[in-house]
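Input: a single structure, listed below in structure tokens.
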Amino acid sequence: MKISRFHFNMLPVNTYLLWDADSRECAVVDAGCYYPKEEEALSKFIEGNHLTVKYLLATHLHFDHCFGNTFVAQKYGVELYASKDDEFLLQNMPEQCRAFGIPFQGRVQPIGRYISEKDRFTLGNEELTAIAVPGHSPGSLAFYAPESGFVLSGDALFQMSIGRTDLPGGNYRQLIESIQKKLLTLPDDTVVYTGHGPETEIGIERTGNPFL
């Protein structure tokens, strides 16, 4: 499975495009595009590579990971897949933005389908498996591609760091448990593509992350 990362909006957020080279089916994960130029960059890549958007997935529903959901859903005719446990965050999206001094624009894209742990998403001959990693938010998810050897960790695990837990629904102990039991049990050479910042590897974080 091929992967491309886009740095979108002022925070910035990592938006990921995953696709199967043969079928050209793709998934957009954490559509963070805020400005029209960012929407244009995303659609230009999709169309330039002749990809068909099959899924719009969210690791969690904090505002910075959601700005582009309505754009992707409307342009490509797909539903938003996310955890029901994060649905409350959509209801206070304007308040989330104001807390960070960011103007809220557009409309909130509702969840079309709920994701549960171990749900699988097929792209061509490969699969992504959802892993529940609550703590940063109640409904935080990771997406694991065992054949390609990577996991999208959202804002649960970062390079030598972990996600913050001081936002509504955050829980530090739960986050540490999620990382230790759900992510650090993956193979050491699993590449971790994070919600912000650079990628890392499971083995590196297991042995060197000061929070773990």
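The values are calculated or read from the model by the stated rules, or taken from the named source; none is laboratory data. From a predicted model like this one, the values you see are computed outputs, not experimental measurements. Cβ atoms come from the backbone with ideal geometry, glycine included; neighbour counts cover every protein chain shown.
Here are a few things to note about the model shown:
- Of all residues in the stretch 34-66, those being of a type in the set (Ser, Thr, Tyr) and buried (at least 18 other Cβ atoms within 10 Å of the Cβ) number 3.
- Applying the condition of being more than 15 Å from the chain's Cα centre (by Cα) and either closer than 14 Å to Leu57 by Cβ or among the basic types (Lys, Arg) (or both) to the stretch 20-33 and asking which residue is surrounded by the fewest Cβ atoms within 10 Å (Cβ to Cβ) yields Arg24.
One line per residue, one yes/no per condition, for (1) out of contact with any His (no Cβ under 7 Å at 6 or more places or on another chain); (2) closer than 14 Å to Pro168 by Cβ; (3) hydrophobic (A, V, I, L, M, F, W, C); (4) at pLDDT below 95:
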residue: Phe45; (1), (2), (3), (4): yes, no, yes, no
residue: Tyr81; (1), (2), (3), (4): yes, no, no, no
residue: Val108; (1), (2), (3), (4): yes, no, yes, yes
residue: Ile111; (1), (2), (3), (4): yes, no, yes, no
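- Number of residues in the stretch 77-113 that are surrounded by 14 or more Cβ atoms within 10 Å (Cβ to Cβ) and small (Gly, Ala, Ser): the value is 2.
- Selection from the stretch 134-169 of residues that are out of contact with any Phe, Trp or Tyr (no Cβ under 8 Å at 6 or more places or on another chain), among the polar types (S, T, N, Q) and either outside any loop (DSSP other than H, G, I, E, B) or over 26 Å from Arg98 (Cα atoms) (or both): Ser148, Gln159
- From the options Ser140, Ser116, residue that is surrounded by fewer than 14 Cβ atoms within 10 Å (Cβ to Cβ), among the small types (Gly, Ala, Ser) and either under 30 Å from Tyr172 (Cα atoms) or in contact with a helix residue (DSSP H, G or I) (Cβ under 9 Å, 6 or more places away or on another chain) (or both): Ser116
- Identity of the residue in the stretch 7-19, in a loop (DSSP other than H, G, I, E, B) and touching a residue at least 60 places away in the same chain (Cβ under 8 Å), that ends up surrounded by the fewest Cβ atoms within 10 Å (Cβ to Cβ): Met10
- Pairing each residue of the stretch 32-56 that is within 22 Å of Phe121 (Cβ to Cβ) with any residue that is basic (Lys, Arg) and part of a loop (DSSP other than H, G, I, E, B), provided the two are 6+ apart or on different chains, yields C-beta distances under 9 Å for Asn49/Arg24; His50/Arg24; Leu51/Arg24; Thr52/Arg24.
- Taking first residues from the stretch 126-151 that are on the phi > 0 side of the Ramachandran plot and without any contact (Cβ under 8 Å) to a residue 40 or more places away in the chain and partners that are of a type in the set (Phe, Trp, Tyr) and crowded, with 24+ Cβ neighbours inside 10 Å, no Cβ contact under 7 Å between residues at least 6 apart in sequence or on separate chains turns up.
- Only one of the numbered conditions (1) surrounded by fewer than 16 Cβ atoms within 10 Å (Cβ to Cβ); (2) within 26 Å of Gly163 (Cβ to Cβ); (3) modelled with pLDDT of 95 or more; (4) not basic (Lys, Arg) is violated by Gln74, and that is (2).
- You will find that of Leu152, Leu186, the residue that is modelled with pLDDT of 95 or more and buried (at least 23 other Cβ atoms within 10 Å of the Cβ) is Leu152 and no other.
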